[in-house]
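Right, one structure below, let's go through it.
Every read-out reported here was derived from the displayed coordinates using simple, explicitly stated rules and does not represent laboratory data. Since the structure is predicted, the reported quantities are computational estimates derived from the model, not experimental observations. As a convention, Cβ positions derive from the backbone with ideal geometry for all residues, glycine included, and neighbour counts pool all protein chains shown.
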Amino acid sequence: YPRLVVEDFSPLPSKGQTGKDGWYPPGHGDVFPSLKNSGKLDLLLSQGKEYVFVANSDNLGAVVDLKILNHLIHKKNEYCMEVTPKTLADVKGGTLISYEGRVQLLEIAQVADAHVNEFKSIEKFKIFNTNNLWVNLNAIKRLVEADALKMEIIPNPKEVDGVKVLQLETAAGAAIRFFNHAIGTNV
């Protein structure tokens, strides 16, 4: 996707920045519709699969834990986010909150400047989103086909060659609020 120039919201590539710096990856929030649109979701379901484990590429330690899978199947959880205790190295990462009776992901880019230090506190927000997700395939199908995954757009301000730009991203973890019996589990 093209980065947007903050000054006038025009695409950065239209300002002559046509190289790689004019573009950005939009996040991983489209993983669920992409599974459906690619045919992989129906293929997995036709093979009798029930859950998919999605691991972020920057988490090289991600492994499938069958105890987690067994728990999800037994408790009928449609979505599980693996979390860890938040450390000082993790202060910018997302955390889980309860909002309007649902578990939701809160990212630093969604926090007002006046509350950023509070968000970074390892005392107030004690868990960190690893971006390892367990998701029920039938639930993905149900939600994608109903066009019910209305992912919140996360504005991510950057600067490219002295130009203030905006990246509009989505996060797969933000889908947690749409799934039934969604949980976070400490790993």
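Before moving on, here are some points about what is shown:
- Diffusion of the chain by Stokes-Einstein, at 20 °C in a medium of 1.002 mPa s and with Rh set to the Kirkwood radius over alpha-carbon pairs, works out to 119 µm²/s.
- Dipole magnitude of the range 4-186, debye to nearest 20 (Cβ charges: Lys/Arg +1, Asp/Glu -1, about Cα centre): 580
- Efficiency of FRET from Cβ geometry, Lys49 and Asn186, R₀ 22 Å, rounded to 0.05: 0.30
- Relative to the longest principal axis of the Cα atoms of the chain, the long axis of helix 66-75 makes an angle of roughly 70 degrees.
- Nearest-0.05 FRET efficiency for Val63 and Val111, computed from C-beta distance (R0 41 Å): 0.85
- Of Lys76/Lys141; Lys36/Lys150; Lys126/Lys158; Lys92/Lys126; Lys86/Lys124, those spanning more than 22 Å from alpha-carbon to alpha-carbon: Lys126/Lys158
- GNM top mover of Lys120, Lys36, Lys75 - the chain, alpha-carbon springs below 10 Å: Lys75
- Inter-centroid distance (Cα atoms) of the range 110-187 relative to the range 62-104, Å: 12
- Among Met81, Met151, the order by Cβ neighbours within 10 angstrom, fewest to most, reads Met151, Met81.
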